Structure formats: structure tokens, C-alpha cells
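The values are calculated or read from the model by the stated rules, or taken from the named source; none is laboratory data. Computed from a predicted structure; not experimentally measured. Heads up, the Cβs are rebuilt from the backbone with ideal geometry, glycines too, and the neighbour counts pull from every protein chain shown.
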Amino acid sequence: MMSLVKYSAWPLTSPASLSHMVPRPQLCTFPSFNNVQHCTQPSFSSLKPLHISSVEKFGLSANLGRRVTECRAYEADRSRPLELNIELNGEGERIEATQRLKIGLYFATWWALNVVFNIYNKKVLNAFPYPWLISTLSLAAGSLMMLISWATRVADVPKVNLEFWKALFPVAVAHTIGHVAATVSMSKVAVSFTHIIKSAEPAFSVLVSRFLLGEAFPVPVYLSLVPIIGGCALAAVTELNFNMIGFMGAMISNLAFVFRNIFSKKGMKGMCVSGMNYYACLSILSLLILTPLAIAVEGPKLWAAGWQEALSQIGPNFVWWVAAQSVFYHLYNQVSYMSLDQISPLTFSIGNTMKRISVIVSSILIFHTPIQPVNALGAAIAILGTFLYSQEGLVLVIMLFLFMCSLLPISLGLDPSPPFLFGTASSSYQYEGAYYSDGKGLSNWDVFSHIAGSIDDGSNGDVAVDQYHRYQEDVDLMEAMKVNSYRFSISWARILPQGRFGEVNLAGIKYYNRLIDALVLKGIQPFVTLFHFDIPQELEDRYGAWLSSQSQEDFQFFADICFKSFGDRVKYWVTFNEPNYIIPLAYRKGTFPPCRCSGIFGNCSEGDSEKEPFVAAHNMILSHAAAVDLYRNKYQNEQGGKIGIVLHCDSFEPLSNSTADKLATERAQSFSINWILDPILFGKYPKEMEMILGTILPKFSSNDKVKLRRGLDFIGINHYASYYVRDCLSSVCGHGIGVSRTEGLYELTALKNGIPIGELVSTSTLFYDPHRNLADSETCIVMQTPFEWLNVHPQGMKKILIYLKDRYNNTPMFIAENGYGTLYDPNVTEKEYLNDYKRIEFMSGHLDNLMAAIREGADVRGYFVWSLLDNFEWKYGFSVRFGLYHVDFSTLKRTPKLSASWYKLFIEKYIADNKKINILRKTGEENNTSTSYPIQQ
């Protein structure tokens, strides 16, 4: 049998085994270096991929052993395999097959280690954005591992001298620059984007070799640069999370690694050091170069502060992440250099490209990186170019390209990643009506709304918008508007009229089954909330509801029934809606049921405004943990859903640049959003709360902390308004939300030097800046929106998303509520209500800023308008209208407003843009004008 033999890639680990087949050519010996391990064996070395650059009249003759051949070892300039037709027997074939298997194992190990490293590296950089230190730790871990290996004789100590280190120094400099630049890149952009740009490394190699070293290449090599450069450029300009520093970091890394390879080839010729030891020495020298630079650029102070912050956010797992990324960085590099001992640089180049595909695929799947089709096409073209550059056979190129294209729908998120959810939001008490029908029990809001004076307009939710009977009509409205999700809540009292102390109401189960089935039939994803302010009155009467730890058991019992009954079709679960909003109203100010307060906070018959809010919040947090623990253990694997929580999220900015106001702004966040999310994601309350509240703040037991580790899958965000924050710790403030000690000692204001943060509120209320003279005629400003809390500032959407992205390691987010309300005025005609330009302007501005946040890396996966219909708005009753559809409350007729048409067109435009997060074509800066899709008027 005739076989094509490539000496440079042959196994040849046992040359003696081939001696009986063919005479062996005499290879050159390398130049001598004192104290350097020599390559003197006149045989094929299994440690070096040899490239025979020129053979004069090469033939298998008797005088072969006397012929001298010029050879280059370790990282040869170019691989041109020597092709000889030699008949192999079965033993030679077995040796070749064994070597192929060995190389395959090297590649598989190399790729797997690199994927693991990149995942942990990105997780660390998300929590601890100090790439210089991370790069240093990676080199330090590898250096330490090799020193231990040498000391314990696990690996042979390399025999090197000063000349070796001199030759290695420029290699180490280039390696250090490339390593740091790549780490900086990944601290700013998605892992996939860094590796797409780094796939352009062959182009840098050709251009540097051509213009700096004067080397020439065949025309096909130059032609292969067209798809490489063009593909990378296309991927870059269409990257959703594009960042110039991240892009330049990847480019600099490419250039640095090209020079590293050049220096290796020029400086290391003839030096026989195994791949393992070569990289070990390179790692040690790079560490010595990088350490002082890292200290100068970032420094111990920044590291210490960042380390503490990361530990407080992530917990002990952060240390393991750092250790994992450091160890796996060394292991993957070491294996790659060991593979160089066995293969030619050409094969190594192909393997390196396949490695990048593996990393791109894995990182996008794990981090859910949003990539649009054009971006994916650019990556595919660039990677195809690298195979063409390798000058492999056309068949291999086509096979690899087809393989890569088959991966793209999965790896680049074109198909299986969940679509962006556009929906509308509602809640059971505000929508359903049928408050005492079909076995439903009384809820706290059923009781409260019937107390005279509780609701501003004297109304109640007995009928609301009657969705209990009109759900099919409302589902049809949603289908016509092209939304693909509907957020609603399940009435606890409709499922369990007496909590766990009574029977399950099967009529309630049947109603929600009908609603869910109707939604699914129309292609609308149910997005279900378990608690949206209403709770069976039975639990309030029995043990005080959220003031008792018994509520945790009841909530888990309720959640279990819902998961079991509806989880086969519901893939998004919300445990609580706005606990950070409802608790102060119910247990501090006493304006929501159960109406508990004390002292200056309100006029209630019972309650403790200083302590009870934290007890109720503690029980809600642990109830969330109990439900999540149940879902993860019993249902999630089978049902495949996600579970999270929804918070009321205002955006806060310091009133001034003073340190006091900046600290007050952080306190405002800690006593609002972080109050709930920190325990769920970090296992403890924010340090600002612990410092101020002391023993008032409940403690988590060790068992509580175990449950809290189950965390959540997403964060829901209800965002409406923005505020300036003023410090009340070192200065005296007036009355208002936040000013007391147990509220956080901060003051919220919508004005700064008399200028509103956005469009101000309330047609009937005068709002004044407390920091200016009341006699000043500019101080009092008539507001233009209906509520004292609705400060329209669209940029706040982007700011709060970026804040949450940075603090909570870019946990997936949904905008669970965002909308604009108007006061009902009997003198305004229905036509005027229907032409709701203000609402369109509000939605447009906030969606602009939502998309800008996505472009800056925020993992936002959905947007829900509050609300589908005008409805019962809690204390306001029917006096405030938030709906995209006008409801005539005397007939319950639904009529679309202009905003419904606008939202439909917005969604259609989004779908036309390939259902990806590329609606806006602008830079994403805050001062951009909003993008409103035109509608027929």
C-alpha cells in the first residue's frame, strides 16, 4: 500500500521501529550552546516538529547518511511537508493512527481548557475589572505550578543559560503585551467579540512579515486576507456591544502575538527545550516584566477596594473563580505548546482557529451574548479566511466551512436563544374582577378597597376590567398588537381562599389554565407573577401575613401548586412584584393594606414604622428563597423555566459632586433595590444598611443562607422615574421619603438649581426645590405629569440598567413595567384620550435608552408596557389611566389608543430587523434623540 508521508507531522516516537522499513536520513545537529540541551540524536525527534527547508537531490540511497540538510527547529518559519511515496506495512499504519489519536487528544484538551479559562476569566473580569492584575495572577499561577513541578521532579528542569534568556526576553515582552491586551479587551467586550477579532491574527502575520521582514508569499495567501480582514471588519461594525478599548485590545493582542512568534523563530533556533519547559520559562520571564507595570498602572489600593467589593457581591466563590482562571490559563497554554512538539506550525494554526470557534460557541451559549445575523456572517467569513490562509486542500476548507456554518445558528444565537420579549403587564386585582366568584376567597385588597376613604375616587376592584370573563378578547387584542408575551399575576385567594388552611379552589386553577392556553395558542409567552400586592385575608387575620415567618411556608405551598398546575406552559416565574415598593407603603406609611405605621410616618391604629418594614422584607426574601429552592429541586429540570423577582427601580443621581451626596446616592440604592437583591444574590444585606440599622435588621441563619444560594435566574425592573439625591447624614433635611434614619438618611428631589431632572409631575401640585429661596419666583414650578413621583427622564432607564449590570454581574434583566399615566378628566373627550402623544414620547425615549444600555453590554431580554388596558390603579382607583387601550368603565369597551398602534409598529420594525437588538442605528449616547417609528395619523 502506498501512503503519503509528511515527515514534519509524523509520530516517529520510536524510530527504531521503522528501521527495518526504510533507511533513515541523517538530520543535522544543532549548533552548540554551553549548558544548553543539545539535539544530537541522528534520528527523528519526537519533541520537535522539524521542517526540512531544502534537500538537494534528496533520495533514499546508500549515501543518504552523509548528506547534510539545513533544518530549522521549534516554531519553524513555514511548514512545507516533504512528500515521499513510501510503502508502509501494518505497523507503520498503526503508528500513524496512534499519533493521530494523540494529536486529537491534545487538541481536544487544548480547546476544552481554553473554553474553561475564557468562561472563568470573563466571570472574574465582570466582578473585578482589573485586567492588569488578572493577567499577572494568571502568569504567577503558571510559574508557581512549574517551579513546584521542577522541585518535585515531576518535570525535568530545563538546562538553559544566559543566552537562552536573552533570546527569550523579546518573546516574553511581546507575550506580555499580547496577554494584557487580550485581557483588557475581554474586560470591555464579550468573549466572542474578542476572539472574532483575534481570528485576524494571520492577516497581521502576513503583513508584518511582508513589510517589515521582506518575506514574500504566494498570491493565494494574500487573497485569503480579504475574507479575514473583511469578515472581522463586518463583525466589528455590527457588534451590538462594541467598545473601542475592547476592539483595540484585541487588535494589539494580534500584533503582539505575531511579533512573539517572529522573535521565537529568530531567537530560539537550535535550542532544544521541550514545549512544556519553553512555555514555563516564557511565563516566568513575562511575570517578572508584568508585575511592576501592573502595580504602576492599577496598584494595590485599587485592587484591595475592588477585591472587597467583588467578595461582598459574589462571596467566596469569587476566590475560586480567580484561582480557576489562573490555573486554566497556564494549563491551556502549556498543552498548546506541548502540542507544538508533535505537529507542524500549519496544523497548529488550524487547531488554533478551531479553538477560537469553540470559545466563540461556548461563550455565547453560556453568557447569552446577543449577536445579530450580519455580525455572525462577518465572523464566519473571517474564520473561513483563516482556513484559506492555511493553504489546506480545497475539500478540507469546504468541509470546515460547512461545519462552521452548521455551528453558527447555535453558537451565534441566531435561532435557539430566546427571542426578545415585547409584552404588556397587568395584575390580578387590577384586572380580573369577579372578586367573590367561583370559589374565590377575599384578599387583603378586597377588604381594604371596601373601607370608606381608602381609594381616592371611592371605587374598588370588584369588577375592575373584568378580564376574568373577557380574557379571550384581551388575548386577541394582544395578538393584534404583535406582542409575544403577557405578564399577569395569579390571585392567591382565587387558588387558595384560606391559604394552606383550606382546600385548593379548582375553579381558579381552571380559569388560569384557560388564560394560559389561550395565550400559548396565539404564540404569546405567559410571564407569571405569584405575588402582586394581594394575599388571602385569611393569612392576615391568622398570623399577620408578612410579619410572621409562617408566611414563608404559605408562600411555598402556593408556589408549589402553581408550578405543578401551570409550569408545563409557563417558562417565566416572578416570585414577588416590587417588595421594596409595597413594604414601605404597607408597613411604614400605612397607606396600603394592612395599613400599619407609627409616629411621624402616618396615622395608624397599630404598627412600628421603624422595625416592621424590615421584618416583612425579611420574610418576603426568605419566601422567595423557599419558592426558588422548591422550583430548582422539583420542577426546573423537567419544565425548563426561569424564576426571578421584580423590583421597583428608580434611577438616582447625586445632587452635587460632593462626597456626601455620592455616598447618599449609594445609600438610596441600598435602602431600595439592594435591600432585596443583595440578600438574594450575595447572601447578606447591603453594608450601608447594616451600618445604619444595626440590630434592627434581621439576621439570616445558616439554613437561610443555604436557601439564598439558589438566587434567581433574572431580575425584573419596574422603572418609571429618576431623582436627585441629597445627603441627610451630615446636613439637616426636611420631610419626605428617605430622610429618616431607618430610611437611609437621604432626600429625593426632582430639581437641581431650579432645573428639573426631567419633565416634572402633577398638573395641580406645586413642587419646589428645598435648596432655594421660596420667595424666588423661579423656585415654584408647575409640573406637567400626573403624579408627584413620575419624573420623566428617559436617560434614567439606561443608567439604572448599567448600575444593575455592574453590581450584579450582568444577571439577565427584563423591564417588567414601564409606562405613562394620565389623570382622568371628564372634560376631556375620548378622542383626546386616544391621541396619547405623551405616552408615545415616553415609551420611545425609554426604549431608546433601553437599547443603548444593551449596546453597552446590559443583558436585557424583554420589555413590558404598563399597561395593556386602563385599569384599577390601587389608591388612585380609576382616576389615572395607564393603558394602551382606553376602557369605558361604564361598558368596559376597549378602544385602542394611538400608543397601541405605535407599539405594534415598533415591534413589527424590530421583527423586520431580524428580531435582534439592533433597532437603533445610533451611537447610544444619552443625548441622542429618540427613535420613534412613524405611524399613520
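Which one is nearest to Thr575 (Cα to Cα), of the residues in region 639-668 that are without any contact (Cβ under 8 Å) to a residue 60 or more places away in the chain and in a helix (DSSP H, G or I)? Restricting to residues being without any contact (Cβ under 8 Å) to a residue 60 or more places away in the chain and in a helix (DSSP H, G or I), the top hit is Glu666. Among the residues of region 874-891, none is identified as assigned to a loop (DSSP other than H, G, I, E, B), in contact with a helix residue (DSSP H, G or I) (Cβ under 7 Å, 6 or more places away or on another chain) and over 26 Å from Phe420 (Cα atoms).
Residues are listed down the side, and each one gets a yes or a no for (1) of a type outside the set (Phe, Trp, Tyr); (2) buried (at least 20 other Cβ atoms within 10 Å of the Cβ); (3) under 41 Å from the mean Cα position of the chain (by Cα); (4) not assigned by TED's automatic domain parsing to the domain that holds Ser879:
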| site | (1), (2), (3), (4) |
| --- | --- |
| Tyr431 | no, yes, yes, no |
| Asp438 | yes, no, no, no |
| Asp446 | yes, yes, yes, no |
| Ala480 | yes, no, yes, no |
| Phe488 | no, yes, yes, no |
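Just checking, does region 699-719 include any residue being surrounded by 20 or more Cβ atoms within 10 Å (Cβ to Cβ), over 19 Å from Ile583 (Cα atoms), in the same structural domain as Ile621 (by TED's automatic domain parsing) and of a type in the set (Asp, Glu)? Among the residues of region 699-719, not one is surrounded by 20 or more Cβ atoms within 10 Å (Cβ to Cβ), over 19 Å from Ile583 (Cα atoms), in the same structural domain as Ile621 (by TED's automatic domain parsing) and of a type in the set (Asp, Glu), which makes the answer no. For region 694-710, filtering for residues that are closer than 18 Å to Asn619 by Cβ and outside any helix (DSSP H, G or I) leaves 6.
Residues in region 496-509 that are assigned to a helix (DSSP H, G or I) and either outside the structural domain of Ser437 (by TED's automatic domain parsing) or closer than 17 Å to Phe557 by Cβ (or both): Gly499, Arg500, Phe501, Leu506, Gly508, Ile509. The single residue among Gln556, Gln537, Gln525 that is in contact with a strand residue (DSSP E or B) (Cβ under 7 Å, 6 or more places away or on another chain), closer than 30 Å to Arg861 by Cβ and polar (S, T, N, Q) turns out to be Gln525. Within region 649-665, is even one residue in the same structural domain as Asp560 (by TED's automatic domain parsing), over 21 Å from Trp789 (Cα atoms) and buried (at least 20 other Cβ atoms within 10 Å of the Cβ)? Scanning region 649-665 turns up no residue that is in the same structural domain as Asp560 (by TED's automatic domain parsing), over 21 Å from Trp789 (Cα atoms) and buried (at least 20 other Cβ atoms within 10 Å of the Cβ). Once region 819-864 is narrowed to residues that are under 20 Å from Tyr903 (Cα atoms) and of a type in the set (Val, Ile, Thr), the residue that is surrounded by the fewest Cβ atoms within 10 Å (Cβ to Cβ) is Thr822.
Residue-wise test of (1) charged (D, E, K, R); (2) within 35 Å of the chain's Cα centre (by Cα); (3) at pLDDT 95 or above; (4) more than 30 Å from Lys122 (Cα to Cα).
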residue: Asp769; (1), (2), (3), (4): yes, no, no, yes
residue: Glu788; (1), (2), (3), (4): yes, yes, no, yes
residue: Val792; (1), (2), (3), (4): no, yes, no, yes
residue: Arg855; (1), (2), (3), (4): yes, yes, no, no
residue: Asp870; (1), (2), (3), (4): yes, yes, yes, yes
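Condition check for Ala200 on (1) buried (at least 23 other Cβ atoms within 10 Å of the Cβ); (2) free of Cβ contacts under 8 Å to residues at least 12 places away in the same chain: one failure, at (2). For region 273-290, the set of residues classified as assigned to a helix (DSSP H, G or I), of a type in the set (S, T, N, Q) and farther than 13 Å from Ala174 by Cα consists of Asn277 only. On the given criteria, is Ile561 buried (at least 20 other Cβ atoms within 10 Å of the Cβ) and part of a helix (DSSP H, G or I)? Taking the combined requirement at face value, the residue does not satisfy it.
Among the residues of region 510-537, the ones that are part of a helix (DSSP H, G or I) and touching a Leu at 6+ places or on another chain (Cβ under 8 Å) come to 1 in all.
Condition check for Asn637 on (1) at pLDDT below 95; (2) more than 31 Å from the chain's Cα centre (by Cα); (3) of a type in the set (S, T, N, Q): one failure, at (2). Counting the residues of region 564-579 that are surrounded by fewer than 23 Cβ atoms within 10 Å (Cβ to Cβ) and within 18 Å of His618 (Cα to Cα) gives 1.
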